[in-house]
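The values are calculated or read from the model by the stated rules, or taken from the named source; none is laboratory data. In this text, all values refer to a predicted model and were calculated from it rather than measured experimentally. Reconstructed Cβ throughout: ideal geometry from the backbone, glycine too, with neighbour counts over all protein chains shown.
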Amino acid sequence: MISKGLPGFRDFPPEDFALRAHIFRVWREVAARYGFEEYDGPPLEPLDLYTAKSGDEIVGQLYNFVDKGDRQVALRPEMTPTLARMVGARANGMKKPIRWFSIPQLFRYERQQRGRLREHFQLNCDLIGEAGPLADAEIIALSIDMMRGFGLGPQDVRVRVSDRLFLSSALRQLGIADAMTPLVFQAIDRIEKNAAAAREMLDAHLDTVTVAGVFRLTDPAHRAELRRSISAATHFGAALNALDEMGFGEWIDFDPTIVRGLAYYTGTVFELFDAKRTLRAICGGGRYDTLLGSLGGADLPALGFGMGDVVLGELLKDRGLHPSVGASIDVFVAAVTPADVEHVLKLSHELRDAGLRVEFALNTQAVGKQLNLANARGARLAVVIGPDDRARGEVQLKDLVYKTQEAITDSSLASHLSSLVNDSRLTTPNG
Ligand code: HAM
């Protein structure tokens, strides 16, 4: 017997699927409010789509293999290269800015830990074809409204924002050559978690004074002062001001340690974290103005974010913001004797056609056992069909919540039940 699935891959029994469906529903609702259209691409791509542009970290985590036609292929570890290829190929005829979103399942061979698995679903929202700072504010605002859509506030989630252009010029002022910037970015990316960041920079022959300068630049104690030095006349400053004007200032922390692990970002970069910082990042994104052109398509500025379902799901469970699993049916139809079954079948299908969620016993059972099943399914109502009631043209209607029972004429049943069920759906949110 195969007793276990692969490590890092999830089963979704209904109670877990309910959380996943809730997350997808909120993602779709909020994306629609910003005018985003949904798309998808293939889960398997040519390997070089990632080796060319994504950066070493993600390439080291690829699920790649040679297919039966001798092609080097990989399961998608992220959506951005697929999006860049798709849009790059058809952008010329499209109205800009392009606002697209997708919810792909992604695969990364990571070391499994809390919040990190080998597959996850990731909301991707990207804006393509707009270079101005309002696009940056719009994308960050969308990520914040996603959090609000789940009932989370700035006391729960912080948006840590930086700008690779700002950071590059600060590094230049420390005397660091442009050729060294990627290495220093990588060290800064790890500076909070990893004392080895200093070693990496020293090993790359940066002198101690310069390395101390990098630490000073990223020190939380100097952050407010650094934030004040960002002029509103710059792209980044204008984006931050626009976020204030949108009313999202209290969510934002300027944080120069945010550089992002992926290689293609060119400007604004940001990540969302739970405020207590007990979990991994909920969301990450930024501007990638050169990626589309470098993949050979239309050369358009672009930016966006990816938001995973794993950390978000943990946070919602922590805060009690996950949906409770509701009743799976509205009405159970029970037969008193085998002769009643044909009437049960007929009525059940009339009620289903009327839009009600209906179940009946699939084998002969005592009425008590059938009502037990009705209760286990969370049914609000049960209809019991027996020979005596049938002779009078009636059925018994039981309200399983209020424990009442009444005889109803068979002919008025469907509309009577529909209105009862619809009333109770209005009063029980997860019904
Ligand atoms: P990323 O930072 O690699 O960005 O992933 C974005 C989010 O996906 C993370 O913050 C995390 O919530 C989730 N995530 C990533 N890896 C895993 C994993 N192994 N298990 C669970 N969740 C995970 C990107 O992928 C960029 N392509 C996002 C983007 C879109 N940038 C611009 N547009």
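Restricting attention to the stretch 418-430, does a residue exist that is hydrophobic (A, V, I, L, M, F, W, C) and modelled with pLDDT of 95 or more? Steps first, please.
Initial filter on the stretch 418-430 (hydrophobic (A, V, I, L, M, F, W, C)): 420-421, 426.
If we keep only those that are modelled with pLDDT of 95 or more as well, we get none.
No, every residue in the stretch 418-430 fails to be hydrophobic (A, V, I, L, M, F, W, C) and modelled with pLDDT of 95 or more.
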request  = Take the stretch 282-299 and flag every residue that is crowded, with 19+ Cβ neighbours inside 10 Å and either under 24 Å from G115 (Cα atoms) or polar (S, T, N, Q) (or both).
outcome  = I282, C283, G284, G285, G286
task = Select, from L351, L347, L356, the only residue that is in a loop (DSSP other than H, G, I, E, B) and surrounded by 14 or more Cβ atoms within 10 Å (Cβ to Cβ).
result = L356
message = Please pick out the residue among G386, G355, G393, G378 that is more than 34 Å from the chain's Cα centre (by Cα) and on the phi > 0 side of the Ramachandran plot.
response = G393
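State yes or no: is G293 within 10 Å of the ligand (Cβ to nearest atom), out of contact with any helix residue (DSSP H, G or I) (no Cβ under 7 Å at 6 or more places or on another chain) and either within 30 Å of A239 (Cα to Cα) or of a type in the set (F, W, Y) (or both)? Reasoning before the result, please.
On the way: within 10 Å of the ligand (Cβ to nearest atom): no; out of contact with any helix residue (DSSP H, G or I) (no Cβ under 7 Å at 6 or more places or on another chain): yes; either within 30 Å of A239 (Cα to Cα) or of a type in the set (F, W, Y) (or both): yes.
When the stated conditions are applied, G293 does not pass them.
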query = Which of (1) out of contact with any Leu (no Cβ under 9 Å at 6 or more places or on another chain); (2) not assigned by TED's automatic domain parsing to the domain that holds A263 is the odd one out, the single condition G35 does not satisfy?
reply = (2)
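Tally time: how many residues in the stretch 66-76 are within 13 Å of the ligand (Cβ to nearest atom) and of a type outside the set (K, R)?
Initially, the stretch 66-76 is screened for residues within 13 Å of the ligand (Cβ to nearest atom), giving 75-76.
The next check asks that each one be of a type outside the set (K, R); those that pass are 75.
Total meeting the criteria: 1.
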inquiry  = Suppose we filter M94, M79 for residues that are away from the ligand (no atom under 12 Å from the Cβ) and out of contact with any Phe, Trp or Tyr (no Cβ under 7 Å at 6 or more places or on another chain); which single one remains?
reply    = M94
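Quick grid of which residues meet (1) in the same structural domain as G308 (by TED's automatic domain parsing); (2) free of Cβ contacts under 8 Å to residues at least 60 places away in the same chain; (3) of a type in the set (K, R); (4) surrounded by 19 or more Cβ atoms within 10 Å (Cβ to Cβ):
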| position | (1), (2), (3), (4) |
| --- | --- |
| T80 | yes, no, no, yes |
| G88 | yes, no, no, yes |
| G93 | yes, yes, no, no |
| Q105 | yes, no, no, no |
| R108 | yes, yes, yes, yes |
| R111 | yes, yes, yes, no |
| L123 | yes, no, no, yes |
| L127 | yes, no, no, yes |
| P133 | yes, no, no, yes |
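In this structure, is I176 at pLDDT 85 or above, not aromatic (F, W, Y) and not in a helix (DSSP H, G or I)? Steps first, answer last, please.
Values: at pLDDT 85 or above: yes; not aromatic (F, W, Y): yes; not in a helix (DSSP H, G or I): yes.
Yes: the conditions hold for I176.
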remark   = Looking across the stretch 117-146 at residues that are of a type in the set (A, V, I, L, M) and under 30 Å from Y63 (Cβ atoms), the single one that is nearest to the ligand (Cβ to nearest atom) is L117
request  = For L345, work out the one condition from (1) within 10 Å of the ligand (Cβ to nearest atom); (2) free of Cβ contacts under 8 Å to residues at least 40 places away in the same chain it doesn't fulfil.
outcome  = (1)
task = Return yes when F236 is in a helix (DSSP H, G or I), touching a Lys or Arg at 6+ places or on another chain (Cβ under 8 Å) and buried (at least 18 other Cβ atoms within 10 Å of the Cβ) and no when it is not.
result = no
note = The number of residues in the stretch 40-65 that are within 15 Å of the ligand (Cβ to nearest atom) and in contact with a strand residue (DSSP E or B) (Cβ under 8 Å, 6 or more places away or on another chain) is 8
message = Please verify whether E250 is at negative phi, of a type in the set (D, E, K, R), within 30 Å of the chain's Cα centre (by Cα) and surrounded by fewer than 18 Cβ atoms within 10 Å (Cβ to Cβ), treating the condition exactly as stated.
response = yes
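Could you pull out the residue among R260, R216, R277, R228 that is within 16 Å of the ligand (Cβ to nearest atom), of a type in the set (D, E, K, R) and free of Cβ contacts under 8 Å to residues at least 24 places away in the same chain? If you could, list the steps in order and put the result at the bottom.
Working: R260 fails: free of Cβ contacts under 8 Å to residues at least 24 places away in the same chain; R216 fails: within 16 Å of the ligand (Cβ to nearest atom); R228 fails: within 16 Å of the ligand (Cβ to nearest atom).
Being within 16 Å of the ligand (Cβ to nearest atom), of a type in the set (D, E, K, R) and free of Cβ contacts under 8 Å to residues at least 24 places away in the same chain holds for just one of R260, R216, R277, R228, which is R277.
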Odd one out for D163 among (1) near the ligand (Cβ under 10 Å from one of its atoms); (2) surrounded by 18 or more Cβ atoms within 10 Å (Cβ to Cβ) = (1)
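When only residues in the stretch 10-39 that are part of a loop (DSSP other than H, G, I, E, B) and surrounded by 13 or more Cβ atoms within 10 Å (Cβ to Cβ) count, which is farthest from the ligand (Cβ to nearest atom)? Don't jump to the end; show me each part of the working.
Going through the stretch 10-39, the residues part of a loop (DSSP other than H, G, I, E, B) turn out to be 10-13, 34-36, 39.
Adding the requirement that they be surrounded by 13 or more Cβ atoms within 10 Å (Cβ to Cβ) leaves 10, 34, 36, 39.
Details: R10: 10, Y34: 15, F36: 13, Y39: 13 Å.
Per the criteria, the residue is Y34.
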inquiry  = Filter the stretch 37-48 down to the residues that are under 24 Å from L262 (Cα atoms) and touching a residue at least 60 places away in the same chain (Cβ under 8 Å) and list them by number.
reply    = E38, Y39, D40, G41, P43
